[in-house]
Structures are given as C-alpha cells and as structure tokens.
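See structure below.
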Amino acid sequence: MSKLSKLIAVAGMLAVGGGATAGYGAEYRQIAQAEPPASAPASAPARPRPPAPRHVEKPKAAPVAAPAPAAVPAQAANTALVSQKLTEAGAACTGRIEDIARDALGGTKGLVPVSSWLPRDPKKHMASVIVGQDFGPEARVPHGLTGIVAAPTGQGDQCDGYTFQVMPSPLTCGEIQANFLKSGQPVADLAGFPLLRNARSQVALMPAVSGPGCIVVSVSLSY
C-alpha cells in the first residue's frame with residue numbers, strides 16, 4: 001500500500017465494504033368474481049340459485065434466485081480492470097501499470113478507469129490511465145483520484161512509471177503535515193502550499209476552499 005494509503009489509514013479513513021443482495025419477484029393471485037344472478041320477471045318469483053363457485057387461480061411457485069457470485073478481492077479486481085483497455089489495445093507497460101495500481105488503489109471499493117495510448121504504435125510510447133475511486137458510502141474520504149503514466153525505456157520490456165493521487169481529507173493540513181513529518185521532511189513552499197517528501201513520494205497539501213479539510217496531492221516515480 002502506498003504512503004498516501006497508510007496516511008489515510010492513520011486518519012481513520014478506511015472504507016467499509018458492502019455485500020450483494022438478490023431480488024425476488026412478487027407473486028399475486030388473481031380471483032375472478034362470479035357474475036351476480038340474473039333478475040327474474042315480476043310475475044314469477046325466481047327461485048334463489050346458489051352462488052356460482054369462485055374460480056381461484058393457484059399461486060405459482062416463487063422463482064429461485066441464482067446465488068450471488070463470490071466476492072472478488074478489491075485489489076485483484078482493480079488491477080485487472082485498470083489495465084484491461086490498454087492490454088486489448090496492445091499498449092506498452094501494462095505490467096508496470098498493474099504493479100502501480102496494485103499498490104496505489106488499496107482500499108478502493110469501486111473504480112472507473114479512462115485509458116490513453118498512441119494507436120499507431122502503442123508498444124513504443126507511453127500509456128496512461130486515470131482512475132476515479134469510490135471508497136464506499138461510510139468512508140470519511142468517499143472518493144479519490146489516481147493517475148498512472150508509464151513509458152518504455154527502450155531497454156527490453158522495462159518501463160518507468162509516474163503516479164499522482166488526489167485525496168480530500170477531513171483533517172486539517174497542519175494535522176496531516178505533522179503526521180507526515182514523522183517519516184519525511186519539508187521540501188518547499190509551492191505558492192502557499194507546503195511540499196513534503198519521504199522515501200517514496202512527494203506530497204503537497206492544499207487547504208480546502210471551505211471548512212477545515214485538506215486536499216492531499218501525492219506524486220511518486222517508479223523505475
């Protein structure tokens with residue numbers, strides 16, 4: 001799991017997953033009412049007729065829903081989905097992208113990836129994917145954004161990778177900075193936004209426009 005994911009875990013922002021439910025169709029009985037007895041002429045009183053028996057349709061057996069498929073581990077599903085379009089297109093560096101996704105998308109419950117590549121020669125150029133992340137309705141950070149870029153180095157199948165993540169946090173930037181500096185150090189002031197660095201990534205902290213929250217932007221390279 002990336003340093004940003006660990007930071008989110010420390011802040012208590014792990015998502016809570018949900019299970020699948022199966023639906024059942026409702027069955028109804030239709031009852032046909034008998035027609036009322038016909039009225040007799042006034043001169044000859046009619047003998048009362050017994051009411052016609054009501055026709056009752058027997059209820060059909062309720063359909064049995066197919067069992068729900070077994071849940072797929074979140075990270076395994078994320079990795080396959082993130083690289084799917086690039087693999088189908090024959091793009092380069094899908095292995096590097098899968099490795100980055102496996103580490104960067106931990107805790108994601110649902111995602112939407114959008115991929116980009118060069119169609120005329122996908123094996124020789126960089127490929128990228130931007131992923132919208134859903135951490136679940138009960139998570140303190142319900143949504144996030146991760147971008148992954150990978151490019152071939154020209155040395156066999158080797159690729160370099162670049163990753164950025166954008167996560168809104170309910171904590172203040174000061175609280176996040178204090179926790180990050182336990183294993184990192186300040187680098188620069190980016191026009192009022194502190195830039196921090198540890199062994200694996202650089203993190204910029206941007207105060208939310210309203211409220212006490214903070215937008216955490218993490219950038220890392222992999223070779």
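The values are calculated or read from the model by the stated rules, or taken from the named source; none is laboratory data. Note that this is a predicted model, so its numbers are computed, not measured. Quick reminder, even Gly has a Cβ in these numbers, built from the backbone with ideal geometry, and neighbours come from all protein chains shown.
Checking Ala139 against (1) over 28 Å from Gly213 (Cβ atoms); (2) at pLDDT below 90, which test does it fail?
(1)
Scanning for something within 16 Å of Val219 (Cβ to Cβ) and surrounded by fewer than 18 Cβ atoms within 10 Å (Cβ to Cβ), does region 119-140 turn up at least one residue?
There is at least one residue in region 119-140 that is within 16 Å of Val219 (Cβ to Cβ) and surrounded by fewer than 18 Cβ atoms within 10 Å (Cβ to Cβ).
For residues that are among the aliphatic types (A, V, I, L, M) and in a loop (DSSP other than H, G, I, E, B), tally how many sit in region 119-136.
Here the count works out to 1.
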